[in-house]
Amino acid sequence: MTTTTETHGVDPDPTPLALLLLGRQADPNSERGVECPGDLPAASDSGLVERARAAKAALGNRVFILGHHYQRDEVIEFADVTGDSFKLARDAAARPEAEYIVFCGVHFMAESADILTTDAQQVVLPDLAAGCSMADMATAEQVAECWDVLTEAGIADATVPVSYMNSSADIKAFTGRHGGTICTSSNAKRALEWAFEQGEKVLFLPDQHLGRNTAVLEMGFSLDDCVLYNPHKPNGGLTAEQLRNAKMILWRGHCSVHGRFSLDSVNEVRERIPGVTVLVHPECKHEVVTAADMVGSTEYIIKALDAAEPGSKWAIGTELNLVRRLAKAHPDKEIVFLDRTVCFCSTMNRIDLPHLVWALESLVEGRVPNVITVDPETEKYAKAALDRMLALP
């Protein structure tokens with residue numbers, strides 16, 4: 001029998017969950033890396049820039065700082081190179097003399113850098129909580145279960161996995177084990193063409209939109225050739241017949257930033273800015289990509305604006321830090337964010353100047369914080385998948 005006690009107007013003691021929701025407590029299990037060991041400089045510290053410069057100068061060639069395009073300007077200022085995730089990982093591999101690779105990006109990017117760099121180098125992520133919602137939408141267990149479903153449907157042997165660079169090392173390793181390849185948003189078409197030379201079907205992980213947009217808009221497939229595998233439903237929510245009839249088996253994953261752009265966003269900006277050119281990333285929804293004027297990777301977007309005519313008008317469907325940086329770099333052009341609602345990548349934005357200063361000063365003091373290490377077995381198969389991508393014509 002359960003008994004209850006009346007409080008008669010006295011507030012009950014707040015539970016840990018209530019304190020968390022009120023912002024008065026942190027959950028270390030869900031907020032990995034939010035609190036760094038040691039003292040994290042205050043964001044209001046007026047000396048942060050000088051401290052970052054001093055620490056970087058003290059480390060010299062021992063440190064190589066990578067800055068993803070979606071990082072804050074205050075972080076990009078200290079990056080030795082900027083770029084997308086794969087370019088940065090390759091840049092790190094090309095600097096074997098650097099003992100420390102400080103990756104200002106997110107977790108899966110730092111994993112890729114660890115896979116491609118030497119054992120003598122250590123990859124540091126300034127905040128371990130800088131993850132990726134898309135990468136987290138496909139776990140090793142879920143993908144292994146999916147492969148069992150494909151096996152039971154009799155199509156696993158005819159299916160080649162193609163995984164987007166925006167995936168965990170575990171997913172890259174799964175891809176390598178099963179004869180598949182990795183792709184970027186720039187070479188997704190080439191990767192898919194290669195995959196269809198190896199087998200009859202593709203399991204595309206984890207971003208459904210890049211897979212669908214590439215297959216339908218660049219390779220001549222129809223939407224009916226694509227099915228969506230939902231890891232939260234039995235058998236992915238699909239029948240064996242649907243799986244057997246499909247050419248593209250798309251994982252139900254997406255980018256939380258690019259996925260927010262809508263057809264209404266495109267229509268609204270065209271009404272607001274007559275003559276605007278809408279340029280979006282292929283991680284956007286199919287209806288957004290088809291309504292846009294141009295579509296391409298982050299590097300494509302940057303090059304398109306570099307080559308654009310003065311006075312031209314652009315609405316860009318990608319992460320806001322990059323759009324703001326492009327607008328500042330091209331004052332002779334009108335460049336706006338596609339959606340009127342401001343949207344940063346929240347996990348990318350976890351890497352800020354206090355975390356970068358803390359990481360660099362820790363290295364100066366001889367402590368190596370937040371090292372990202374991929375185990376040898378995972379690294380072996382993930383690298384096999386990456387090497388197949390590098391060998392693509």
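Restricted to region 225-246, and to residues there that are assigned to a helix (DSSP H, G or I) and buried (at least 20 other Cβ atoms within 10 Å of the Cβ), the residue that is nearest to the chain's Cα centre (by Cα) is 236. The set of residues in region 128-154 being modelled with pLDDT of 95 or more and in a loop (DSSP other than H, G, I, E, B) consists of 138, 139, 153, 154. Checked against (1) part of a strand (DSSP E or B); (2) open to solvent by less than 20 Å² (accessible area, probe 1.4 Å), residue 336 passes all but a single condition, namely (2). Scanning region 305-333 for residues that are open to solvent by less than 60 Å² (accessible area, probe 1.4 Å), in contact (Cβ under 8 Å) with a residue 24 or more places away in the chain and either in contact with a Gly (Cβ under 6 Å, 6 or more places away or on another chain) or part of a helix (DSSP H, G or I) (or both) yields 305, 320, 321, 322, 325, 326.
When the residues of region 190-224 are filtered to those that are open to solvent by 10 Å² or more (accessible area, probe 1.4 Å) and aliphatic (A, V, I, L, M), the one that is nearest to residue 155 (Cα to Cα) is 223. The set of residues in region 247-291 being small (Gly, Ala, Ser), open to solvent by less than 30 Å² (accessible area, probe 1.4 Å) and assigned to a loop (DSSP other than H, G, I, E, B) consists of 253 alone. For region 339-367, filtering for residues that are at pLDDT 95 or above, open to solvent by 20 Å² or more (accessible area, probe 1.4 Å) and over 18 Å from residue 80 (Cβ atoms) leaves 3. Looking across region 371-385, the residues that are open to solvent by less than 30 Å² (accessible area, probe 1.4 Å) and in contact with a strand residue (DSSP E or B) (Cβ under 7 Å, 6 or more places away or on another chain) come down to 372, 385. Looking at (1) more than 24 Å from residue 325 (Cβ to Cβ); (2) at pLDDT 95 or above; (3) more than 13 Å from the chain's Cα centre (by Cα), can you tell me which one residue 79 breaks? Among (1) more than 24 Å from residue 325 (Cβ to Cβ); (2) at pLDDT 95 or above; (3) more than 13 Å from the chain's Cα centre (by Cα), residue 79 violates only (1).
The values are calculated or read from the model by the stated rules, or taken from the named source; none is laboratory data. This is a predicted model, so every value here is computed, not measured. Cβ sites come from the backbone with ideal geometry, for glycine too, and all protein chains shown count toward neighbours. SASA here: full protein model, heavy atoms, side chains in, ligands and nucleic acids out. Shrake-Rupley method; radii C 1.70, N 1.55, O 1.52, S 1.80 Å.
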